[in-house]
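Trainee: Have a look at this one before I ask anything.
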Amino acid sequence: MAILEDLQLSRREVMATGAAVGVAAAPGAAGAAPVEPGPSLMKVSFTVNGQRQTLELDTRTTLLDALREHLKLTGSKKGCDHGQCGACTVIVDGRRINSCLSLAVMHEGDEVTTIEGLGSPEKLHPLQAAFVRHDGYQCGYCTPGQICSAKAVLDEIKAGVPSHVTADLNAKVQFSEDELRERMSGNICRCGAYSNIVAAVAEVAGGPILGKGA
Amino acid sequence: MRAFTYERAKSPREAAAAVAADPTARFIAGGTNLLDLMKLEIETPARLVDVNDLKLDEITPTKDGGLRIGALVRNTDLAADKRVRKDYGVLSRALLAGASGQLRNKATTAGNLLQRTRCPYFYDTNMPCNKRTPGAGCAAIGGFTRSLAVLGASEACIATHPSDMAVALRVLDAAVETVTPDGTERSIPIAEFHRLPGQTPHVETALARGELITAVTLPKPIGGVHAYRKVRDRASYAFALVSVASVIHKDGGGRIALGGVAHKPWRVEAAESSLPRGAKAVSEGLLAGARTTTQNAFKLTLAERAIGAAVTEARG
Amino acid sequence: MKFDTPATTNPIDQLKVIGKPLDRIDGPLKTTGRAPYAYERHDAIPDIAYGYVVGAAIAKGRITSMDLSRAKAAPGVLAIVTAAEAGKLAKGDFNTAMLLGGPEIQHYHQAVAIVVAETFEQARAAAGLVKVDYERAKGTFDLASAKDGATKPKDGGPDSAVGDFEAAFAAAPVKLDETYTTPDQGHAMMEPHASIAAWKGDKLSLWTSNQMIAWGAGDVAKTLGVPRENVRLMSPFIGGGFGGKLFVRADAILAALGAKAAGRPVKVALTRPFMFNNTTHRPATIQRIRIGTDRAGKITAIGHESWSGDLPGGGPETAVQQTRLLYAGENRMTKTRLAVLDLPEGNAMRAPGEAPGLMALEVAVDELAEKLGIDPVEFRVLNDTQVDPEKPSRPFSQRRLNECLRTGADKFGWSRRAKPGQVRDGRWLVGMGVAAAFRNNLVMKSAARVRLETSGVVTVETDMTDIGTGSYTIIAQTAAEMMGVPLTRVNVRLGDSSFPVSAGSGGQWGANSSTAGVYAACVKLREAVAGKLGLDAAQAQFADGRVKVGNQSLPLEQAAASGPVTAEDFMEYGDLTKTHQQSTFGAHFVEVGVDADTAEIRIRRMLAVCAAGRILNPKSARSQVIGAMVMGAGAALMEELVVDKRIGFFVNHDLAGYEVPVHADIPHQEVIFLDETDPMSSPMKAKGVGELGICGVGAAVANAIYNATGVRVREYPVTLDKLLEKMPVLA
């Protein structure tokens, strides 16, 4: 087998790097039209936590920014804006999604549920109460995403949607802590409250707890 | 992200025509990769054509006993489909090993195939990349290559294709159905769908400009033990270092495709005849011609060992 | 109040509220999405414009020209500020590189401009139109090759020596001499650095995300060249910090500059792909450890040298710290050396020093125990010391490391540990590992203001921050205990530079120090309240919302009948930290499975036993420990900011590339706190615990991997590619 060497950048390549840097802080700009088009505005209507909302938005606005910046529903968090952390998780038409990777204008007529729609400090949703009881959070920034995700996860298990750790694809999906861990893995908690989050969600799920550890 | 206009297409043909006629236009379905790239100005469309209304979201039986998966079937739904779970387990497994629950709920079958590489130099617009700017050079070569290609790479590009689903489709001999602006439909075998980088790493698939994927078809079930072994550092929500899609029959024969090693799902049909003789034998053919760096040479050992595990497991 | 004699019995010892595993008082706000973080203060200020930061595309060099014309003409753009427009900016006391670069560029993604526009989308698009030309300069990016040119840092006692290490090591019948490396690591807190800035005349309000309010206000003022009193920082909720938000970063300064230029309040959040190279990180280390013992396993010589790098003017990763204190041994040496690297700024990350230091030391100890044929738990017990080994006249205030080790061994089933590579569970090779946890207890001056409201509610105000640590709750518990009211009658207000200056959140000093400050203020308030009620303060008991002296019992709120009663004080510290070594201790036990085919590593069980003084709230303290264990697991198994040594940047600069543990990586975790009080630490008798949990856990993971496979990896993270070639051959 031939080995492709771990080359040092050749002089030519260094210059190429420099040249790419030279064109722009945004190299994609090379060769683009010189006149910048104005924002494209569009109307969109959807329901958020049971309330009908109509917005006129720059088409570039993500669902997350529509919620946070336009509707001032800041419970949904921007942790990475690239679908790599899950802090922005909301439930759309019964399914959890990363609201940072979805354009608001693509949600015409949709029903959106955010953390604010699940409960309030005065009237906590059972999952919210369980998170408080089990200390399933620390800084709190990933928490709304964790809770929205957890709600959808319990629904997914009930609906029989399999996961990576489901042992038998053709049998009924069983609830277990390992199922929770796998399904919640799209929600990063850098404070590391995972063990407590799983305990909180398992408590709300009730039923037998199967499977522990790796 | 550049400003763009947004429209919802009413028919596949209309969508294809819209994008074919406008070099600045792109289709959008789930958006989970496209929007990610648009935020970084790696993709800079001025026009988005939303294809979500095209009713391409059903899974139906085909005449020859296979399945036709609509282009817009979400990854979650495809993985959960009873028929897929029963007869095409490798596909369910591959899908479930990918991304996160949230992303699978949005990501579509066609979009998954069209994912772009996760090469970190592709993702940083300050770095030269032949994929982003043809002829600019490749910063990845000689750089951080641990996750990059060991097979089929070129002097212009050593990126890998990140999809898990595509690796399963490759082992299942799926085909990609498309429609062009003039209404022509064609079926592209999955083996020919993704391209190796060669000197044109920016050309990633066999699709023509504006050509729209309408479905993916699976031939009739082939039986065997289906498995998808995805090896990664993190236990979940990570791209594969190496993955193995396998269908192994009782006689020890079967099919193997690898993910995480090349610019496309990697399968060498000729090597599969060695499968009954074990992982080492099949790996010899499958990994022939590999070119590695000190950082990613481990992928060859890893692939062989992961294949070995799949073979052992299939034998029960 | 000055704490200079060991604490005796005080109202905290009642333990009616303190020491209870109470739910956090900020929980309902956080779990319902109502806790407002820095970028979200629409409630505080209207009409906010959006700022987007442009970062340098080179690691080192100069900007030769900038063309802002297209960006300025872009829709919605209100202002663009570069170093050229910003006028003279100073470097903050706590920064190593300038927060706004240009024309000189000191590191990759150093901020070079802020673009302010009406909307986020417009600001981001316009930022992409800022054209910058650079001239690259040659930089140094590789620690290994810069190591030999590393020099002795000016501050912090870089060298220590007791006895004759070299001779003792040479003479030792059993010895170990190994080198370990730890990589650069990112804080990767979930909330990106974010700020909203608003000017009113020459006064600046900054809603930001910062662990150390007073440091922050000072550095904002210094950087911008405005009087300190004109800057107000507010940071009531912080979405994680881990040391990454100890200091003012580009978001705050650029928001302030952008707001000035635009004549509007401006908000700025650093984007995730930008954070890793723009902000600080934990520096990589190369560590050489030499330990010699007699045949019985007693350490006779212990030496630890560490090399790290930073930008010119920066500091070292003090990875040898713990080695001066953790084990006995007459002949000792440590050495810290610093190389100049042109990578982004290195700085504190959770347990700076000890976290990477113990990742090396506690593997070395495991290796040595094996050489000696002694169980690693017993080897540590054998080499325990109850005094500062460099200064035997100076005892530890408390040191129950042996009890942590023994308790943990018992609970974890340590006796079932087999020889390396012997235990198989299906496809998994299974192993157990242990490591000692050690982190010093630091005490910091901390002030608070407490007020008895006419309603009977006790309000606490201090610029202390809660970065997920539970500060709100333990401060409320402290005030409730001191004033004899239920937790629901305490209102805690944090993170505002108009409040008395606290210890802030860092170095695991926050919990003990900030509550001690609240204690001091409450002592004063008790005196004031007693005075108002005509009672003898020295005799007064505060309980059940009443103040009692003998048979007299008056409702607390009666003292505030004619208006709120306010008291303010601080706690400062005398010489107890000099006469006694204050540290926290623990033992980590980890079980891993390593896939026999692929060498994938998965943690199966984790246990920490901690001795860290009085635990103010066992629920939130436990969370601190398990969270730190998760971060330590990440450090052991996956976290590495990969340096491209040609170009000089961290390549994997997003959360897909820089992997941190996810749910599936972490099993159920157990934490045991030994029942302990430390009267040398403060009237709270508490010590820090927030960083103890990360100390040693990485080594316990690495030792477990060795036990599972028989393969020793000395370069973190321990990933499968480092095991694969040495794994047992499969049938």
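We did not get these values from a lab; they are worked out from the coordinates using the rules stated. Computed from a predicted model, the values in this text were never measured in an experiment. FYI the Cβ positions are ideal-geometry reconstructions off the backbone, even for glycines, and counts take in every protein chain you see.
Trainee: Got the relative contact order for chain C handy, in percent, Cα pairs under 8 Å and 6 or more residues apart?
Mentor: With pairs under 8 Å counted, the relative contact order is 17 percent.
Trainee: Along the charge dipole of chain C, which of C:Asn652, C:Phe247, C:Trp307 sits closest to the positive end, that is, farthest toward it, with unit charges on the beta carbon of Lys, Arg, Asp and Glu (+1, +1, -1, -1)?
Mentor: My answer, from the dipole projection, is C:Phe247.
Trainee: Only counting other Cβ atoms within 10 Å, I'd like C:Val77, C:Val609 sorted with the fewest neighbours first.
Mentor: Ordered from fewest to most neighbouring Cβ atoms within 10 Å, C:Val77, C:Val609 come out as C:Val77, C:Val609.
Trainee: C:Val423's amide H: which non-local residues (gap 5+, or another chain) put their own amide H closer than 5 Å, with H modeled 1.01 Å from N in plane and none for Pro or chain starts?
Mentor: C:Val430
Trainee: Please name which of B:Gly152, B:Cys138, B:Thr292 has its Cα lying farthest along the dipole of chain B towards the positive end, using unit charges on Cβ (Lys, Arg +1; Asp, Glu -1) and the Cα centre as origin.
Mentor: Value computed over the given set: B:Thr292.
Trainee: Within the range C:385-443, report the trypsin sites (Lys or Arg not before Pro) that DSSP leaves as loop and that have at most 15 other Cβ atoms within 10 Å.
Mentor: Loop-located and lightly packed - C:Arg427.
Trainee: Right, here's the next one. Taking amide H positions as placed 1.01 Å from N in the peptide plane, with prolines and chain starts having none, which residues 5 or more places from C:Leu442, or on another chain, fall under 5 Å of its amide H?
Mentor: Close amide H contacts, sequence-distant or interchain: C:Gly688.
Trainee: Right, here's the next one. Could you run the Karplus curve 6.51 cos²θ - 1.76 cosθ + 1.60 with θ = phi - 60° over the range C:222-233 and give me ³J(HN,Hα) per residue in whole Hz, x for Gly and Pro?
Mentor: So the J values, rounded to whole Hz, are 5, 4, 8, x, 10, x, 3, 6, 8, 10, 10, 9.
Trainee: Okay, moving on. Taking θ as phi - 60°, what are the ³J(HN,Hα) couplings along the range A:86-98 by the Karplus curve (6.51, -1.76, 1.60), each to the nearest whole Hz, with x for Gly and Pro?
Mentor: Couplings: x, 5, 8, 4, 10, 10, 10, 6, x, 10, 7, 9, 7 Hz.
Trainee: How many percent of DSSP beta bridges within chain C run antiparallel, rounded to 5?
Mentor: 75 percent
Trainee: Spin-label point model (7 Å from Cα, Cβ direction): what's the A:Lys43 to C:Ser145 distance in nm?
Mentor: Taking the simple label geometry, A:Lys43 and C:Ser145 are separated by 6.3 nm.
Trainee: Next up: Would you mind ranking C:Asp654, C:Asp133 by Cβ crowding within 10 Å, fewest neighbours first?
Mentor: Going from least to most buried by this count: C:Asp133, C:Asp654.
Trainee: Moving to a separate point now. Taking θ = phi - 60°, what integer Hz values does the Karplus form 6.51 cos²θ - 1.76 cosθ + 1.60 yield along the range C:198-211, in sequence order, with x for Gly and Pro?
Mentor: Once θ is set to phi - 60°, the couplings for the range C:198-211 become 9, 9, 10, x, 9, 9, 10, 9, 10, 8, 9, 10, 9, 7 Hz.
Trainee: Using DSSP to call loops (not H, G, I, E or B), can you name the trypsin sites (Lys or Arg not before Pro) in the range C:197-295 whose Cβ has at most 13 other Cβ atoms within 10 angstrom?
Mentor: C:Arg295
Trainee: Going through the range C:26-114, which GluC sites (Glu not before Pro) have at most 10 other Cβ atoms within 10 Å and a DSSP loop state?
Mentor: Within the range C:26-114, no GluC sites (Glu not before Pro) qualify (loop, at most 10 other Cβ atoms within 10 Å).
Trainee: Only four residue types carry charge here, +1 at the Cβ of Lys and Arg and -1 at the Cβ of Asp and Glu. Report the dipole size of the range B:225-315 about the Cα centre in Debye, rounded to the nearest 20.
Mentor: About 200 debye.
Trainee: Also, quick follow-up: Taking H placed 1.01 Å from N in the peptide plane, check which residues at least 5 places from B:Ala174 or on another chain put their amide H under 5 Å from its amide H.
Mentor: B:Ile190
Trainee: Calculated from DSSP H runs of 4 or more alone, at -39500 (n - 2.57) each and per residue, what is the 222 nm mean residue ellipticity of chain C, nearest 500?
Mentor: -7500 deg cm²/dmol
Trainee: Here's a follow-up. Percent antiparallel among DSSP beta bridges with both residues in the range B:225-315, to the nearest 5?
Mentor: Close to 100 percent.
Trainee: Sorting C:Leu358, C:Leu641 on the 10 Å Cβ count, fewest up front, what's the list?
Mentor: Fewest to most other Cβ atoms nearby, the residues stand as C:Leu641, C:Leu358.
Trainee: Where both residues lie in the protein assembly as shown, what percent of DSSP beta bridges are antiparallel, nearest 5?
Mentor: Antiparallel bridges make up about 75 percent of those DSSP assigns within the protein assembly as shown.
Trainee: So, one more: Could you please state, rounded to a whole Å, how far the C-alpha centre of the range C:302-325 is from the C-alpha centre of the range C:575-614?
Mentor: Spelled out, the Cα-based centre of one part sits 21 Å from the other.
Trainee: Quote the charge dipole size of chain B about the Cα centre in Debye, to the nearest 20; the model charges only the Cβ of Lys and Arg (+1) and of Asp and Glu (-1).
Mentor: Taking the Cα centre of chain B as origin, the dipole is about 760 debye.
Trainee: How charged is the neighbourhood of C:Glu135? Take every other residue with its Cβ under 12 Å from the Cβ of C:Glu135, and add Lys/Arg as +1 and Asp/Glu as -1.
Mentor: Here the charged neighbours net out to +2.
Trainee: Lysines near C:Lys578 by alpha-carbon distance under 30 Å, same-chain residues fewer than 8 away left out - which ones?
Mentor: C:Lys2, C:Lys152, C:Lys154, C:Lys245, C:Lys298, C:Lys335, C:Lys391, C:Lys445, C:Lys524, C:Lys685, C:Lys687
Trainee: Using the structure shown, select from B:Lys63/B:Lys220; B:Lys10/B:Lys131; B:Lys10/B:Lys55 the pairs with a Cα to Cα distance greater than 20 angstrom.
Mentor: Where the Cα-Cα span goes over 20 Å, the pairs concerned are B:Lys10/B:Lys131.
Trainee: How much net charge surrounds B:Arg13 when only the other residues with a Cβ under 12 Å from the Cβ of B:Arg13 are counted, with Lys and Arg +1 and Asp and Glu -1?
Mentor: Net charge in that neighbourhood comes out at -3.
Trainee: Determine the alpha carbon to alpha carbon distance for each of A:Lys172/B:Lys106; B:Lys82/B:Lys230; A:Lys123/B:Lys106; C:Lys222/C:Lys260; C:Lys30/C:Lys619; C:Lys20/C:Lys548 and list only those over 28 Å.
Mentor: Those over the limit are A:Lys123/B:Lys106.
Trainee: Further question: Based on the mean of other beta carbon atoms within 10 Å per residue, what is the order of C:522-530, C:168-176, most packed first?
Mentor: In decreasing order of mean packing, C:522-530, C:168-176 become C:522-530, C:168-176.
Trainee: Could I ask something else about it? Tally Lys/Arg at +1 and Asp/Glu at -1 over every other residue whose Cβ is under 10 Å from the Cβ of B:Val150; what's the total?
Mentor: After counting each charged neighbour, the total is +2.
Trainee: I've got another one for you. Could you give the size of the charge dipole of chain C about its Cα centre, using +1 on the Cβ of each K and R and -1 on the Cβ of each D and E, expressed in debye and rounded to the nearest 20?
Mentor: For chain C, the charge dipole is close to 520 debye.
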